[in-house]
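Just below is one structure, and these are the notes that go with it.
The values are calculated or read from the model by the stated rules, or taken from the named source; none is laboratory data. Keep in mind it's a predicted model, so treat the numbers as computed, not measured. Neighbour counts run over all protein chains shown; Cβ positions are idealised from the backbone, glycine included.
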Amino acid sequence: MESSPELDFSRRVWELKYRHRDGPEPERTVADTWWRVARALAQAESSEREAHAARFHEVLEDFRFLPGGRILAGAGTGRQVTLFNCFVMGVIEDSMAGIFAALGESALTLQQGGGIGLDFSTLRPRGFRARRTGAVASGPVSFMRIWDTTSQELLSTSERRGAMMATLRCDHPDVEEFVSEKEAGGSLRHFNVSVQVTDAFMAAVERDESWPLLFPSGSLEAGQGREVLWRRWTGTEAPVACRVVREVSARALWERMMRAAWRSGEPGMLFIDRLNGWNNLGYREHLTATNPCGEIPLPPYGACDLGSVNLTRFVREPFSDAARMDWEAVRHTVRVAVRMLDDVIDVSRFPLPAQEAQARGTRRLGLGLTGLGDALILLGLHYASREAREWAVSVMREVRDTAYRASIELAREKGSFPFFDRERYLEGEFIRALPQDIRDGIARWGIRNSHLTAIAPAGSISLLAGNITSGVEPTFAFRHTRALRLSDGSLEEATLTSHALRLWHERSGAHAPLPDCFVDAQALAPEAHLEMQAALQPYVDAAISKTINLPPGYGYEGFKSLFRRAWEMGVKGCTVFPPRASTGAVLEAIPEPGLADCARCRGGGN
């Protein structure tokens with residue numbers, strides 16, 4: 001095969017991140033990696049392991065199905081690592097012993113390559129005394145700095161880099177410090193931060209009401225705070241008495257969140273009532289945190305078992321009037337992928353016993369999409385158009401329904417997930433919206449996995465697949481400089497062409513005019529990103545990792561309105577990066593002559 005910068009870079013990604021060099025037969029090609037992963041996962045099967053390995057290999061070759069990076073790097077290597085990309089850690093007890101126990105668990109998880117999410121809302125606000133010891137609290141943010149330092153030390157000795165997500169309630173007394181901490185830069189470099197935003201808070205912002213900041217009264221000395229309100233707090237099974245520390249203007253607090261996000265790109269917003277209201281296991285768990293990229297809301301000690309269907313491999317006759325999707329091939333790939341990801345749970349190691357118990361109890365999967373931006377171009381669809389959103393919905397609906405049907409078949413064969421409660425599961429909002437045949441199948445046979453869909457960023461695995469667009473993002477830039485971070489922390493750069501543009505040049509010539517469907521993120525209105533995310537969310541039982549990068553010159557008022565629109569449109573979370581935000585990006589766009597600059601690019605969807 002003729003070499004190209006993209007193929008060379010893909011091989012470099014494989015060599016640095018996924019190639020297994022140890023043992024008697026070091027891997028020489030990515031095909032060797034596919035067989036290692038396929039055979040390792042097939043060991044979870046009780047019979048016909050070679051046949052299952054062959055089926056797994058079939059969907060891996062040609063990059064049709066891309067398991068999460070930890071699976072590719074660790075399955076079948078014999079290393080003491082987890083195959084799960086990310087975890088949410090346990091509830092942090094508000095005591096020095098509890099805090100440092102949680103820090104130790106976090107360190108063990110990061111050391112084995114897992115990213116982590118943490119909810120710091122259980123920690124007393126700065127300056128308040130503990131009822132039992134009288135000790136004065138330094139507040140959640142001070143302890144986040146200790147986590148950040150620990151993560152830095154672990155990263156200096158680890159090839160696999162685990163990120164962290166910190167969340168805090170919008171009614172915690174230290175929420176203002178939390179949202180402002182990263183504005184100046186340099187602090188909490190290894191954390192993403194998001195606020196748990198409630199519907200009540202958004203309503204208070206709308207009505208310009210005061211907003212109580214409070215904390216459970218059982219953790220405070222007498223006299224600290226005044227009015228008592230009842231709230232379900234992090235780690236509690238029912239509402240508890242919380243003492244109001246002070247009241248602020250809801251609009252002023254919202255403005256502070258927005259100003260911080262405008263300056264630094266953080267915090268993001270987690271619409272926490274929506275996360276819980278649409279949780280398939282809402283009858284037994286309460287969600288307050290997500291994995292670092294936000295696509296998997298998880299209970300304490302929950303884990304991410306991720307994989308993505310590469311849409312570019314299913315477009316037939318691209319750039320022609322006959323361009324179409326091979327739906328049967330998609331369905332076949334999804335059915336096999338569900339079985340593969342289910343097997344991951346049984347062959348993986350876990351940093352902590354509690355994480356293993358959660359993963360095996362729920363058998364949660366996160367099957368999603370990648371290559372959407374390129375696939376739309378191959379089909380002649382403009383990312384911002386209604387037709388593009390409708391097509392994307394048809395794909396995600398097909399993935400959802402096929403995955404749920406495959407999980408029902410697995411339940412017939414292997415049994416339902418241990419935490420399954422048939423009647424209560426069927427009452428869930430997401431489950432009630434499924435086609436009747438799926439609901440009937442769950443009622444009769446049960447279901448193997450509590451959750452089945454999530455859309456991850458899929459960054460590194462999309463590079464491995466030939467520099468396709470990642471997740472549901474549009475093309476960042478048709479030509480760009482991409483930096484690959486090496487194990488010593490240095491960067492290796494390459495100038496790359498997008499998959500769609502490279503294919504267009506191969507078929508039409510290097511100087512052929514580009515159709516209008518060639519639109520990149522630099523030319524898209526931010527509303528187009530949000531509309532795509534909102535269109536897909538009803539078909540995703542977890543969440544969607546989506547980055548809204550603002551074009552140069554986009555104003556603050558428009559930026560602020562995007563968060564409100566995200567809540568109104570039904571997404572579960574939102575992160576928006578302003579033009580000047582320091583986000584640690586490793587991409588730099590190179591202008592491409594001939595790209596369309598049409599009204600619908602700048603004006604959003606139609």
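How many residues are small (Gly, Ala, Ser), more than 18 Å from the chain's Cα centre (by Cα) and either surrounded by 20 or more Cβ atoms within 10 Å (Cβ to Cβ) or at negative phi (or both) if we restrict to the range 77-126? Steps first, please.
First pass over the range 77-126, keeping only residues small (Gly, Ala, Ser): 78, 90, 95, 97-98, 101-102, 104, 106-107, 113-115, 117, 121.
Pick out the ones that are also more than 18 Å from the chain's Cα centre (by Cα) and you get 78, 90, 95, 97-98, 101-102, 104, 106-107, 121.
Next, only the ones that are either surrounded by 20 or more Cβ atoms within 10 Å (Cβ to Cβ) or at negative phi (or both) stay: 90, 95, 97-98, 101-102, 104, 106-107, 121.
Adding up the residues that qualify gives 10.
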Name, by its number, the condition in (1) assigned to a loop (DSSP other than H, G, I, E, B); (2) modelled with pLDDT under 95; (3) over 20 Å from the mean Cα position of the chain (by Cα) that does not hold for TRP233. (2)
Any idea which of PHE100, PHE84 is farther than 30 Å from PHE128 by Cβ and aromatic (Phe, Trp, Tyr)? PHE84
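So, PHE314, is that one among the hydrophobic types (A, V, I, L, M, F, W, C), touching an Asp or Glu at 6+ places or on another chain (Cβ under 8 Å) and within 28 Å of MET532 (Cβ to Cβ) or not?
Numbers: among the hydrophobic types (A, V, I, L, M, F, W, C): yes; touching an Asp or Glu at 6+ places or on another chain (Cβ under 8 Å): yes; within 28 Å of MET532 (Cβ to Cβ): yes.
Considered against the rule, which asks whether it is among the hydrophobic types (A, V, I, L, M, F, W, C), touching an Asp or Glu at 6+ places or on another chain (Cβ under 8 Å) and within 28 Å of MET532 (Cβ to Cβ), PHE314 comes out as yes.
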Could you look through the range 62-92, keep only residues that are in contact with a helix residue (DSSP H, G or I) (Cβ under 7 Å, 6 or more places away or on another chain) and charged (D, E, K, R), and pick out the one that is farthest from LEU168 (Cα to Cα)? ASP62
Considering every residue within the range 232-242, establish whether at least one is in contact (Cβ under 8 Å) with a residue 60 or more places away in the chain and among the aliphatic types (A, V, I, L, M). no
Name the residues in the range 413-430 that are within 24 Å of the chain's Cα centre (by Cα) and farther than 18 Å from LEU365 by Cα, would you? GLU429
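Within the range 374-388, is even one residue touching an Asp or Glu at 6+ places or on another chain (Cβ under 7 Å) and more than 30 Å from ARG448 (Cα to Cα)? So that I can check it myself, show each step before the final result.
Start the filter on the range 374-388 by keeping residues that are touching an Asp or Glu at 6+ places or on another chain (Cβ under 7 Å), which leaves 381-382.
From what is left, the residues that are more than 30 Å from ARG448 (Cα to Cα) are 381-382.
Scanning the range 374-388, I find at least one residue that is touching an Asp or Glu at 6+ places or on another chain (Cβ under 7 Å) and more than 30 Å from ARG448 (Cα to Cα), so the answer is yes.
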Flagged in the range 30-83 as closer than 15 Å to LYS17 by Cβ and of a type in the set (S, T, N, Q), in numbering order, are THR33, THR77
Anything in the range 345-366 that is under 14 Å from CYS86 (Cα atoms), buried (at least 22 other Cβ atoms within 10 Å of the Cβ) and of a type outside the set (Ser, Thr, Tyr)? List them, or say none. ILE345, PHE350, PRO351, GLN355, GLN358, ALA359, ARG364, LEU365, GLY366
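Residues that are of a type in the set (Val, Ile, Thr), out of contact with any strand residue (DSSP E or B) (no Cβ under 7 Å at 6 or more places or on another chain) and farther than 28 Å from ILE345 by Cα: find the helices (runs of 4 or more DSSP H) completely inside the range 49-151 holding 1 or more of those.
Numbers: elements: 49-60, 69-74, 96-111.
Of the helices (runs of 4 or more DSSP H) lying wholly inside the range 49-151, those with at least 1 residues that are of a type in the set (Val, Ile, Thr), out of contact with any strand residue (DSSP E or B) (no Cβ under 7 Å at 6 or more places or on another chain) and farther than 28 Å from ILE345 by Cα span 96-111.
Among the residues of the range 107-137, count how many are in contact (Cβ under 8 Å) with a residue 60 or more places away in the chain and either under 14 Å from PHE215 (Cα atoms) or among the hydrophobic types (A, V, I, L, M, F, W, C) (or both).
Just the residues of the range 107-137 that are in contact (Cβ under 8 Å) with a residue 60 or more places away in the chain, to begin with: 108-109, 111-112, 114-119, 121-122, 124-125, 128-131, 134.
So of that shortlist, the ones also either under 14 Å from PHE215 (Cα atoms) or among the hydrophobic types (A, V, I, L, M, F, W, C) (or both) come out as 108, 116, 118, 121-122, 124-125, 128-131.
Residues meeting the conditions: 11.
What is the residue count in the range 1-27 for residues that are of a type in the set (D, E, K, R) and either part of a helix (DSSP H, G or I) or surrounded by 15 or more Cβ atoms within 10 Å (Cβ to Cβ) (or both)? Steps first, answer last, please.
Just the residues of the range 1-27 that are of a type in the set (D, E, K, R), to begin with: 2, 6, 8, 11-12, 15, 17, 19, 21-22, 25, 27.
Among the residues that remain, those that are also either part of a helix (DSSP H, G or I) or surrounded by 15 or more Cβ atoms within 10 Å (Cβ to Cβ) (or both) are: 6, 8, 11-12, 15, 17, 19, 27.
Selection size over the range 1-27: 8.
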Could you run through the range 504-525 and say how many residues are crowded, with 19+ Cβ neighbours inside 10 Å and of a type in the set (Asp, Glu)? 1
Being within 21 Å of ASP321 (Cβ to Cβ), in a loop (DSSP other than H, G, I, E, B) and small (Gly, Ala, Ser) is the filter here; which residues of the range 479-515 pass it? GLY509, ALA512
Can you name the number of the only condition in (1) surrounded by fewer than 20 Cβ atoms within 10 Å (Cβ to Cβ); (2) closer than 21 Å to LEU530 by Cβ that THR453 fails? (1)
Working only within the range 296-319, note down all residues that are assigned to a loop (DSSP other than H, G, I, E, B), touching a helix residue (DSSP H, G or I) at 6+ places or on another chain (Cβ under 6 Å) and buried (at least 20 other Cβ atoms within 10 Å of the Cβ). TYR301, GLY302, ASP305
For the range 279-302, how many residues meet the condition of being of a type in the set (Val, Ile, Thr) and over 14 Å from VAL540 (Cβ atoms)? 1
Candidate set from the range 28-37 (those that are in a helix (DSSP H, G or I) and without any contact (Cβ under 8 Å) to a residue 60 or more places away in the chain); member that is surrounded by the most Cβ atoms within 10 Å (Cβ to Cβ): VAL37
Can you pull out every residue in the range 408-441 that is among the hydrophobic types (A, V, I, L, M, F, W, C), farther than 24 Å from ALA357 by Cα and assigned to a loop (DSSP other than H, G, I, E, B)? ALA433, LEU434
Restricting the range 267-295 to residues that are surrounded by fewer than 23 Cβ atoms within 10 Å (Cβ to Cβ) and among the charged types (D, E, K, R), the residue that is farthest from LYS560 (Cα to Cα): ARG284
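Which members of the range 320-366 meet the condition of being charged (D, E, K, R) and either touching a Leu at 6+ places or on another chain (Cβ under 7 Å) or assigned to a helix (DSSP H, G or I) (or both)?
To start, the set of residues in the range 320-366 that are charged (D, E, K, R) comprises 321, 324, 326, 328, 331, 335, 339, 342-343, 346, 349, 356, 360, 363-364.
Listed by number, the residues that qualify are GLU328, ARG331, ARG335, ARG339, ASP342, ASP343, ASP346, GLU356, ARG360.
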